[in-house]
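Written below as structure tokens is the structure these notes are about.
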Protein chains: 4
Amino acid sequence: MVVNKKRTVHASVKDERLVKMRRNQMIRGAVALFKQKGFHRTTTREIAQAAGFSIGTLYEYIRTKEDVLYLVCDSIYDQVRERLQGMDVDKGTLESLKLGIAHYFKIMDEMQDEVLVMYQEAKSLSKDALPYVLKKELEMVGMFETIIRRCIDNGELVMDDEHIDLLSHNIFVQGQMWGFRRWALAKNYTIDDYIKVQTDLLFTGIEQYQTQL
Amino acid sequence: MVVNKKRTVHASVKDERLVKMRRNQMIRGAVALFKQKGFHRTTTREIAQAAGFSIGTLYEYIRTKEDVLYLVCDSIYDQVRERLQGMDVDKGTLESLKLGIAHYFKIMDEMQDEVLVMYQEAKSLSKDALPYVLKKELEMVGMFETIIRRCIDNGELVMDDEHIDLLSHNIFVQGQMWGFRRWALAKNYTIDDYIKVQTDLLFTGIEQYQTQL
Amino acid sequence: MVVNKKRTVHASVKDERLVKMRRNQMIRGAVALFKQKGFHRTTTREIAQAAGFSIGTLYEYIRTKEDVLYLVCDSIYDQVRERLQGMDVDKGTLESLKLGIAHYFKIMDEMQDEVLVMYQEAKSLSKDALPYVLKKELEMVGMFETIIRRCIDNGELVMDDEHIDLLSHNIFVQGQMWGFRRWALAKNYTIDDYIKVQTDLLFTGIEQYQTQL
Amino acid sequence: MVVNKKRTVHASVKDERLVKMRRNQMIRGAVALFKQKGFHRTTTREIAQAAGFSIGTLYEYIRTKEDVLYLVCDSIYDQVRERLQGMDVDKGTLESLKLGIAHYFKIMDEMQDEVLVMYQEAKSLSKDALPYVLKKELEMVGMFETIIRRCIDNGELVMDDEHIDLLSHNIFVQGQMWGFRRWALAKNYTIDDYIKVQTDLLFTGIEQYQTQL
DNA sequence: GATGAATGAGAATTCATTCAT
DNA sequence: TATGAATGAATTCTCATTCAT
């Protein structure tokens, strides 16, 4: 899998360890604020404060406010991907696909704040930064595609490219959907319900609910 | 069906016909701008200019910038819902459900600008206005639910409430998805491809693609 | 004489009369401030305040702080040039050249604040604006050149181009010198002394002070 | 001749040799930067970097940014004065005056960067430091005065104090003028042309170009 | 002596909103 | 009703200076 070359954000501070640490503080603070008020309504001073340092220090580690957003999105994707590694991609059984979906949905549930932020604010990234983030998304979609293709290789499924591709997207979006439509879903489902029902629909298809009149 | 009581936006001008006309100009201009630069990066002056009148006049028809966003979202939902009326909700066959989905996806395709705007900017609505918009969304989800329930009433399907509800949400989200993931989907699908493949997956379910080893 | 095409500074306000008036207020205030603290140490808020309006209003009439500097320089040159029109350029006698010099030096004396500002701050203009100002300077140098050439046409002088050119520059610089070396000159000379002695040196030349040993 | 008592700039570092060395590095870097962007647009970090050490170290050798400007101006004057020492001040002939002027103009040509910086930025010195620099300027003007007076003592010239004083200033300013009006002069003159024509005008005077009609 | 991370006052600029005409 | 000039709070970003290591 081709790995996305990192888009670097300029820091005035040289100590790499320090940069990493400060940026983590920054990201943690920013996620909380972005979730609460959105990127545009959050000020750089608030970000600095939430991160626990001064506005001047903030700007030692980034160049523009948008850099914060990029770092946040980048970090979230990395976290999601990292956690997704636990998934067994190679088994090649429908069961393992189900498990993968469940695993992914759980992650989306646990990282709901982050996912929501990234989901809603990524569009504010500049034309410059957006592609990096979108590429990461495609990589994640690709993980589901890989699982599905393993099933096909294994003789468990027969499916053409278009269906594979869209199915992967659907799974990916349904994971995010648990975050961005929580306002509507959380009334009726726990995450486990959601996983169960969503998996049912995904695997069984409407026609299976057909009655023979 | 409980109809959403309209949340009114205050206008200084009395002539209702005039208010409606001016607001339509405003909405048209705003949609174009919001799509291009987002709500936050669009200024009230730009909205006024795009609408064809002065900033002073703009404020004769709204109270705050957020009112414009509300009017935009409100109007988009109304348009979508209006166009959705053509759907035959009562037939109660799987075929009519398929047609309904296709119809809805087509609308989403034709109104992609508006849908994208509403989809990305609605979150900027105040806690005050958001519920009105969300309620409209639920109404639209409800339309699919209705169609599905007709099928059940008709003996074409057997499905419990949870599955019905989530299926409706899925259909709704997949319609929006054609708008907000266009960057990834448009490379591989026309809207007709999208409708076909999406319908396949929705109706058939993964297990139908299973081979008997 | 080729006239410099005006470099325009953008104003949001449309009423041209108002723009002219507000800019004059602005220029008056800015000259005083620039003289006292220089361009860089003067803030836009101070300029607005000195002009008698708010910072927001200031920015209705300019786009950047540098625009103020340009307007100031531009205006000063225009004033100098306008006042210089009174000079009789066409007479073509050495006497009229003397009168022209005296006239110019007097103007430099009366406009000492403005001249100093323009003289010291013009270099802060962007690469974009500087040429316009420099061109105006050359126009003024050209006025002296014209006077001198009239004398030559008139048969009062014989002088080649290089000498004419540099003589014009010298006169021009000596006028400014009364402004920018006031700290050294004002101790020993009134403006009338300055005119007299400077004219002596210019017309007579060192060698005329030679004694025949 | 009364010598200017040095205004000292505080250094935390004790080793005088080191202080001198570091400050020379600093001045060299600063002159280049000031020429390019002016004093105000140059940051202390840039100065430190250009000097080859850290911002912290910079502040071991100065107290404020303005100290750098003072050191720069001071150093430039010292250099000019030192190079001017080669001039034969005592000969007391018009020829030696001419040579002195040519020598001075050549120095101004060779040190054009430095002269321009000092010329344009000296005004940014505080009320505190400015007098020291101005005094140095007067000393240099005084060198020309001395030469002229020698000529008078020698019986080569007859001239009163006012004329002597202003003539010295004129010579001094014309030297600087080669630097600050280079944009206009360099098109038509080499430094040698400039020396020749300027000397002609200075010695001969306009009236000598008079024709007998 | 040297370093460079931290600081926060200060600066330019924007823009939603008002209100007199 | 329509206009658009005026306002100033709010925002991003910079940079001289300090001080712990």
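The values are calculated or read from the model by the stated rules, or taken from the named source; none is laboratory data. A quick note: this is a predicted structure, and the numbers were derived from the prediction, not measured. With ideal geometry, Cβ positions are generated from the backbone for all residues, glycine too; neighbour counts draw on all protein chains shown. Just the protein is used for accessible areas: all its heavy atoms, side chains included, with ligands, DNA and RNA removed. Shrake-Rupley method; radii C 1.70, N 1.55, O 1.52, S 1.80 Å.
What is the spin-label model distance, in nm, from C:Asp88 to B:Met21 if the labels are put 7 Å beyond Cα along the C-beta direction?
Taking the two extended label points, one gets 6.9 nm.
Please enumerate, by chain and number, the lysines with C-alpha under 27 Å from the C-alpha of A:Lys91, excluding those fewer than 8 residues away in the same chain.
A:Lys106, A:Lys135, A:Lys136, A:Lys196
What would the Debye formula give as log10 I(q)/I(0) at q = 0.24 Å⁻¹ for the alpha-carbon point model of the stretch D:10-63, no solvent?
Ignoring solvent entirely, the Cα scatterers give -0.87.
Per DSSP H run of at least 4 residues, take -39500 (n - 2.57); add these up for chain B, divide by its residues and hand me the 222 nm value, nearest 500 deg cm²/dmol.
On the way: 10 runs with 150 residues, N = 213.
My calculation for chain B gives -23000 deg cm²/dmol from helical runs alone.
Solvent-accessible area per residue for the stretch D:77-165 at a 1.4 Å probe radius, Å²? Before the final figure, lay out the partial values.
Working: 3810 Å² over 89 residues.
Roughly 43 Å² per residue, with all protein chains present.
Just to be sure I understand: if I project the alpha-carbon convex hull of the stretch B:121-213 onto a plane and average over all orientations, what area do I get in nm²?
Values: hull surface 35.6 nm².
Average of the hull's projected areas for the stretch B:121-213 equals 8.9 nm².
Please report, for C:Thr43, the nm distances (one decimal) from its label point, 7 Å out from Cα along the beta-carbon direction, to the equivalent points in the remaining copies, shortest first.
In nanometres, ordered from closest: 1.5, 2.0, 2.2.
Across the residues of D:157-167, average count of Cβ atoms on other protein chains within 10 Å? Mind dumping the intermediate values first?
Values: counts 6, 4, 7, 3, 1, 7, 8, 2, 6, 12, 6.
Average per residue, whole number: 6.
Can you give the net charge of the other residues whose Cβ lies under 10 Å from the Cβ of D:Glu121, counting K and R as +1 and D and E as -1? Could the numbers behind the result be given before it?
Details: positive: C:Lys123, D:Lys35, D:Lys123; negative: none.
After counting each charged neighbour, the total is +3.
So what's the projected area for the protein assembly as shown, the Cα convex hull averaged over all directions, in nm²? Display every interim value, and only then the final one.
On the way: hull surface 194.5 nm².
In nm², the orientation-averaged hull projection of the protein assembly as shown is 48.6.
Obtain the nm distance between the two label points defined at B:Thr44 and D:Asn188 by a simple spin-label model: each point lies 7 Å from its Cα along the Cα-to-C-beta direction.
5.8
Using a label position 7 Å from Cα in the Cα→Cβ direction, what is the ascending list of nm distances from A:Met21 to the same site in the other copies?
The projected label point of A:Met21 is separated from its counterparts by 3.4, 6.2, 6.7 nm.
With +1 on each Lys and Arg Cβ and -1 on each Asp and Glu Cβ, and nothing else charged, work out how big the dipole of chain A is about its Cα centre, in Debye to the nearest 20. Display every interim value, and only then the final one.
On the way: 30 positive and 31 negative charges, 257 e Å.
With Lys and Arg at +1 and Asp and Glu at -1, about 1240 debye.
Quick one: if you stick a label point 7 Å off each Cα along the C-beta vector at A:Thr57 and B:Asp161, how many nm between them?
Distance between label points: 5.3 nm.
Along Cα-to-Cβ, 7 Å out, sits the label point; list in nm, shortest first, how far the one on C:Gly86 is from those in the other copies.
C:Gly86 label point versus its equivalents elsewhere: 4.8, 8.0, 9.0 nm.
How large a share of the accessible area of the stretch B:12-63, in percent, is made up of carbon and sulfur atoms when the probe is 1.4 Å and the other protein chains stay in place? Spell out each step's value before the answer.
On the way: 1480 of 3140 Å².
Summing carbon and sulfur atoms, their accessible area is 47 percent of the total for the stretch B:12-63.
Work out the mean other chain Cβ neighbour count within 10 Å for the residues of A:115-123 and drop it here as an integer. Write out the running numbers ahead of the final one.
Details: counts 0, 1, 0, 0, 2, 6, 2, 1, 6.
For peptide A:115-123, the averaged partner shielding equals 2.
Which net charge results when you count Lys and Arg as +1 and Asp and Glu as -1 among the other residues whose beta-carbon is under 14 Å from that of A:Thr43?
+2
Choose one of C:Ile195, C:Ile164, C:Leu138: the residue whose Cα lies farthest towards the positive end of the charge dipole of the stretch C:65-205 (beta-carbon charges +1 Lys, Arg; -1 Asp, Glu; about the Cα centre).
C:Ile195
Based on Cβ point charges of +1 for Lys and Arg and -1 for Asp and Glu, what charge dipole magnitude is obtained for the stretch A:10-63 about its Cα centre, in debye rounded to the nearest 20? Mind dumping the intermediate values first?
Numbers: 11 positive and 4 negative charges, 34 e Å.
In debye, rounded to 20, the stretch A:10-63 gives about 160.
In whole Å, what three semi-axes, largest first, describe the equivalent ellipsoid of chain D built from its Cα gyration tensor (square root of 5 times each eigenvalue)?
On the way: eigenvalues 277, 77, 36 Å².
The equivalent ellipsoid of chain D has semi-axes of 37, 20, 13 Å.
When chain A is turned about an axis onto chain D, which of its residues keeps its C-beta closest to that axis, and how many Å is it?
A:Gly56, 4
Roughly speaking, what % of Cα-Cα pairs in the stretch C:69-154 are separated by over 22 Å, rounded to a whole number?
Details: 1131 of 3655 pairs.
The share of Cα pairs beyond 22 Å in the stretch C:69-154 comes to 31 percent.
State to the nearest 20 debye the size of the charge dipole of the protein assembly as shown about its Cα centre, where the only charges are +1 on K and R beta carbons and -1 on D and E beta carbons. Write down the numbers at each step before the final one.
Details: 120 positive and 124 negative charges, 396 e Å.
Dipole magnitude for the protein assembly as shown comes out near 1900 debye.
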